[in-house]
Amino acid sequence: MKMRKSLRIVLEIAGNLFRRVLTVRFPEQSLELPEAYRGEHVLDTEKCKGCGLCADICSSKAIRMVETAEGKRPEIDASKCCYCGLCEDVCPANALRLTRHLSESVRDPSDLVKRPKEVKEKSK
Amino acid sequence: MNDQMKVSRDPDYDLYFGPAHPGSGNFGVKLKISGEEVVEARADPGYLHRGFEKLMEYRNPMQNAVLSDRICVFEPLNWNLVHAEAVERLTGKEVPEKARWIRVLMAELSRMQSHLIWYAGTCLGIGFDTGFKLALVYRDYILDLFESITGGRVYPAGYIAPGGVRRDLRPGWEEKVRGVMKKLEKMIKFGKLENPVLEGRMKGVGRLNLKNARNLGATGPVLRASGSKDDVRRDVPYEIYPELDFEIPSEKEGDALTRYRIGMKEVEESIFITEQVIDRMPSARMEPVKPRFFPPMPKGEVFVRNELSRGEGGMHMIGSGSEHPYRCKIRGPSLSHQVPVLEHLLKGSQIADVPAIYWSLNPCPADTDR
């Protein structure tokens, strides 16, 4: 009985040599994030009308409307954002979207405040 | 054993079963010890107080739905449901039929992963590392499901919002959920094994009889392990629970091992409920809830209670004619478990039994402190 148990353990360990590894070598490889994932923001500054509904609904007060050449546009502070997606749902022009990109780490906290132009360029 | 023991020794020293996250969560218990025996225990809550009830008074219902995730980090979707039901009952909002089925599916999945954390915490507290790691592995499969449905592994950002749910289910969800249920059956098989480690540490420890359980305010699995069959899903049914067929596990011994066994049986029942929901879910497309228009909340008050994985969770909401609720009182099931029940059970126990008793009550410091 003991021999059979030890044999089963040995066979299971040997079988593990041929099983797929569950980890990936980040950052060269990455896990596939699902479509529904709520990641970094992306803004289409042409579709945006500057209504300010996204700034009103944000419960973390992470969005601030700033003046740009095209009119008022949202500036998003990624350090306050909780990635809930209410700003994406409320936008009447479907201009603000949450993508599957993960926020990058930065050395300077002020780099976490995403200005409207930067947010637009990332979408290209 | 704890009920009959009269502790008459004077304490020699104080020991703080402290608020360190891997040991006891963010909750401290001050113990007065004489030799190896606990003479007196005082619970020390408040380390995780974030002022939710006040924060909710300054936000509209959609923002509060996002906030309600974080009332208890172990079961965000269940708290989303309590909040959504409170707002709907106060404002009279209708919920589409498919949304009700999706809500119950998410609530039961959340109950399963919360019980797996309970199992993992218990094993961590008593030193059974294999059980801890296995439970968290199987929980990860459920978290991957949450990520594909709601967008977030732990926090679904108010997925269950007043008026329905924020997104419809994507095609292919059935196979994913069935696959995870099949994997969980392996976990149940492991959990039901007669484990000498768990029996040695938890059998006969922390015995709570039915009379004390009711007097001290225990609900949920803690009460059902002492002989009661109370369950809000049966007594005051909500959502589509009246149409589902499920058993309420209940046992009489009331010790820590019985509470653990009830937890495993509840995971099995939840798997059975989930399979019924998958078979009977309406297939029509559904309009998701969008945060577009907030009428003022009518004057009035409601109290809603749901069966959470830890016990009976409630929300008392008072509307006063503005967009924000006037008062939103949250009744967490863990407050009764972590303060009166814990202090009662720890008196007269040995130091080595303290983690086993603490974790067998399925504590959540987050919904004690809010």
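All of the numbers you see were taken from the coordinates with simple rules; none came from a lab. Because the structure is a prediction, the values reported are computed rather than measured. A quick note on method: Cβ atoms are made from the backbone with ideal geometry, for glycine too, and the neighbour counts reach across all protein chains shown.
Assuming 1.567 mPa s and 4 °C, estimate D for the protein assembly as shown with Stokes-Einstein, Rh taken as the Kirkwood radius over Cα pairs, in µm²/s.
53 µm²/s
For peptide B:150-162, compute the average count of partner chain beta-carbon atoms within 10 Å of each residue's beta-carbon.
On the way: counts 5, 12, 7, 1, 0, 4, 3, 6, 4, 3, 0, 2, 0.
Per-residue shielding by partner chains comes out at 4.
Given R₀ = 41 Å, what would the calculated FRET efficiency be for residue A:111 paired with residue B:58, taking r from the Cβ atoms and rounding to 0.05?
Numbers: r = 30 Å, r/R0 = 0.73.
After rounding to 0.05, the efficiency reads 0.85.
Give the aspartates and glutamates whose C-alpha is closer than 12 Å to that of residue B:182, dropping any in the same chain fewer than 8 places away, or say none.
Straight-distance partners of residue B:182: B:268, B:275.
Who wins for biggest fluctuation among B:51, B:254, B:332 in a Gaussian network model of chain B, springs between alpha carbons below 10 Å?
Maximum fluctuation in the GNM of chain B, among the listed residues, is at B:51.
Among B:80, B:319, B:156, whose Cα lies farthest out toward the positive end of the dipole of chain B, if unit charges sit on the beta carbon of Lys, Arg (+1) and Asp, Glu (-1)?
Going by the Cα projections, it comes out as B:319.
Express the relative contact order of chain A as a whole percentage, based on alpha carbon pairs under 8 Å and six or more residues apart in sequence.
Details: 154 pairs, mean separation 36.7, N = 124.
Relative contact order here is 30 percent.
Would you mind checking the pairs A:47/A:80; B:183/B:265; A:61/A:114; B:265/B:347; B:98/B:265; B:32/B:347 and listing those with alpha carbons more than 20 angstrom apart? Walk me through the intermediate numbers first.
Details: A:47/A:80 25 Å; B:183/B:265 16 Å; A:61/A:114 14 Å; B:265/B:347 29 Å; B:98/B:265 28 Å; B:32/B:347 9 Å.
Beyond 20 Å: A:47/A:80; B:265/B:347; B:98/B:265.
Calculate, for residue B:322 and residue B:176, the FRET efficiency according to 1/(1 + (r/R0)^6) with r their C-beta to C-beta distance and R0 35 Å; round to the nearest 0.05.
Working: r = 42 Å, r/R0 = 1.19.
In this case the efficiency is close to 0.25.
Cα centroid distance between the stretch B:24-64 and the stretch B:299-370, in Å?
Centre-to-centre distance over Cα atoms comes out at 10 Å.
Considering only A:64, A:20, A:97, give the residue with the highest GNM mean-square fluctuation for chain A, with springs between Cα atoms whenever their separation is below 10 Å.
Top of the fluctuation ranking is A:20.
May I ask for the net charge around residue B:237, where only other residues with Cβ less than 10 Å from the Cβ of residue B:237 are counted and Lys, Arg are +1 while Asp, Glu are -1?
On the way: positive: B:233, B:234; negative: B:231, B:235, B:239, B:243, B:307.
Every neighbour counted, the sum reads -3.
Straight-line reach only, C-alpha to C-alpha below 16 angstrom: list the aspartates and glutamates that residue B:30 could link to, leaving out same-chain residues fewer than 8 apart.
B:10, B:12, B:14, B:40, B:44, B:343, B:353
So if R0 is 25 Å, what FRET efficiency would residue A:100 and residue B:186 give, r being the distance between their Cβ atoms, rounded to the nearest 0.05?
Values: r = 31 Å, r/R0 = 1.24.
Efficiency at R0 = 25 Å is approximately 0.20.
About its Cα centre, how strong a charge dipole does the protein assembly as shown have in debye, to the nearest 20, once Lys and Arg get +1 and Asp and Glu get -1 at the Cβ? Spell out each step's value before the answer.
On the way: 77 positive and 70 negative charges, 106 e Å.
With Lys and Arg at +1 and Asp and Glu at -1, about 520 debye.
Enter the angle in degrees (range 0 to 90, nearest 10) between the Cα long axis of helix B:129-150 and the first principal axis of the Cα atoms of chain B, meaning the one along which they spread out most.
Long axis of B:129-150 versus the principal axis of chain B: about 10 degrees.
How much length would be gained if the chain were fully extended between residue B:44 and residue B:14, taking 0.36 nm per residue of separation minus their Cα-Cα distance, in nm to one decimal?
Values: separation 30, 0.36 × 30 = 10.80 nm, distance 1.37 nm.
Roughly 9.4 nm would be gained on extension.
Go ahead and set up a Gaussian network model of chain B, Cα springs under 10 Å, then flag whichever of B:310, B:214, B:111 fluctuates most.
B:214
Suppose each label sits 7 Å from its Cα in the direction of the beta carbon; what would the residue B:210-residue B:329 distance come out to in nanometres?
2.9 nm
Can you pull out the trypsin sites (Lys or Arg not before Pro) in the stretch B:142-205 that DSSP calls coil and that have at most 12 other Cβ atoms within 10 Å? Don't skip to the end; give the middle numbers.
Working: sites: B:153, B:166, B:167, B:176, B:178, B:182, B:183, B:186, B:189, B:192, B:201, B:203; in loops: B:153, B:166, B:167, B:192, B:203.
Loop-located and lightly packed - B:192.
Mean separation of Cα pairs under 8 Å and 6+ residues apart, divided by the residue count of chain B: what relative contact order is that in percent? Before the final figure, lay out the partial values.
Values: 717 pairs, mean separation 97.7, N = 370.
It rounds to 26 percent for chain B.
What angle, in degrees between 0 and 90 and rounded to the nearest 10, separates the Cα long axis of helix B:76-91 from the longest principal axis of the Cα atoms of chain B?
50 degrees
On C-alpha positions alone, give me the angle between the axis of helix B:256-280 and the longest principal axis of chain B, in degrees, nearest 10.
Relative to chain B, helix B:256-280 is tipped by roughly 20 degrees.
Determine the relative contact order of the stretch B:140-248: mean sequence separation of Cα pairs under 8 Å and six or more apart, normalised by residue count, in whole percent.
With pairs under 8 Å counted, the relative contact order is 12 percent.
When the helix-only estimate is applied to the protein assembly as shown (DSSP H runs of n ≥ 4, each -39,500 (n - 2.57), divided by the residue count), what is the mean residue ellipticity at 222 nm, nearest 500 deg cm²/dmol?
Details: 19 runs with 198 residues, N = 494.
After summing the helix terms and dividing by the residues of the protein assembly as shown, the value is -12000 deg cm²/dmol.
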